[in-house]
Amino acid sequence: MGGYENGDSSAAAAREGGVILGVDGGTTSTVCVCLPAAMPPPEAPGSVAVLSRAIAGCSNRNSVGENAALETLEQVMMQALTMASTDRSAVVAVCLSVSGVNHPSDQQRMLDWICGYGIAAQALTAVIKAHDGRGPQTNLTREIIRKLEISSPDELIGWAYADPSWARIAALVPVVVSAAEDGDKVANTILHDAVQELAESVVAVVRRLTLCGEDGKDQFPLVLVGGVLEGNKKWDISGEVIKCISKVFPGVCPIRPEVEPAIGAALLAWSHLRKEPKLQNGS
C-alpha cells in the first residue's frame, strides 16, 4: 500500500490540482482511496502517496440491492474526501471497480464461489446436516455457533433468513479456513471443492479467450485478487487454485498485485486523466 500524507498536505493537494478517487467494491467490503491529481508519476506502484483510505460495507448490488450498493459507494467516497480534508468539488476523476455490475443473474453460481459466499454457505449447510444426522460431525458447528453467538444449530435458519445478504454470510469464511487449518475434514472438503470450482471457472475462461495458445502451452498472466485469495496464508487457497490450473495449463503465470485494487483503480483514473489534454489537442 502507498504512503500517507498528512492533513495539511491533503488540503494543499486538493487546492492545487484536485483529487482522484479509486474504489474497490466487493461483497464483504468496499475501499476508497484518495490521491492527489497533480502527483508526479510514481517511481513504483507501492510509492503512491495516498491522501486517505476509507472502508465501508458491501457494494455488490446482487447482494444488497442497487439502492443499498449506491448508498455504500456514496458513503465510502464522501468518507475518503472528508478524511483528506476536501469535498466532492475537488474530484477530477473517479474509477470504480465494483463487483456484480456486469453479470446476469444466471451466472451467480460462479460468482458465489469467487466471492467466498459459496464457502460460507456450504459450511452452514454442513452444520445443519451434522445436526440433523444427515452428515458427518464437524468442528464448524462449535465455531460457527460461537461466532454468531447463538445457542444451537436450530437457530441458523432463522439467522440466515433474518438477513440473507452475501456479505453477512461470506463473513464466515475465516471460520471455515481456521477449522480447516485445525484439521477439520468437513472444512477441508469445502475448501478443496471451492478451489476446484474456481479453477474450473478460470480454465473455461482461458479456453474461451484462447489465452493459452492452440496447444494449451502458451504463457498467460493470472492476477490473484480478492479477500479469499489474499487473506489466507497457512491454508493457501490461491496456491491451491494455481496448482489445479497448472495441471491443465502449465503456462499460467500468477501475479500478486503490488498495491491493493483501490489504488490500482485510482492509478487507472490518474493515467486516463493525464492522457486527456493530448487527446483534446489532437497530438
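Just so it is clear, none of the values below were taken in a lab; they were calculated from the coordinates. Small disclaimer: the values here were computed from a predicted structure and weren't measured. Here the Cβ positions follow ideal geometry from the backbone for every residue, glycine too, while neighbour counts run over all protein chains shown.
Worth a mention:
- Flagged links, alpha-carbon separation over 19 Å, of K129/K185; K129/K243; K129/K234; K147/K234: K129/K243; K129/K234; K147/K234
- Charge dipole (segment 108-193, unit charges on Cβ, about Cα centre) - positive-most of G118, W159, S178: G118
- Sparsely packed loop sites in segment 34-83 (the GluC sites (Glu not before Pro) outside DSSP H, G, I, E and B with at most 12 other Cβ atoms within 10 Å) comprise E43.
- Cβ-Cβ FRET estimate between M78 and Q196, R0 fixed at 25 Å, reported to 0.05: 0.05
- With the simple model of a label 7 Å out from the Cα in the direction of the Cβ, D132 to A204 spans 2.7 nm.
- Fully extending the segment from A44 to H272 would add 80.3 nm, taking 0.36 nm per residue of separation and subtracting the current Cα-Cα distance.
- Counting 0.36 nm for each residue step from R88 to R142 and taking away their Cα separation leaves a gain of 14.7 nm.
- Stretch gain in nm, segment Q219-K247, where the contour uses 0.36 nm per residue and the Cα spacing is subtracted: 8.7 nm
- Within segment 118-221, the GluC sites (Glu not before Pro) that combine a DSSP coil assignment with at most 11 other C-beta atoms in a 10 angstrom radius are E149, E214.
- For segment 135-175, trypsin sites (Lys or Arg not before Pro) are listed when DSSP marks them as loop and at most 11 other Cβ atoms sit within 10 Å of their Cβ; the list is empty.
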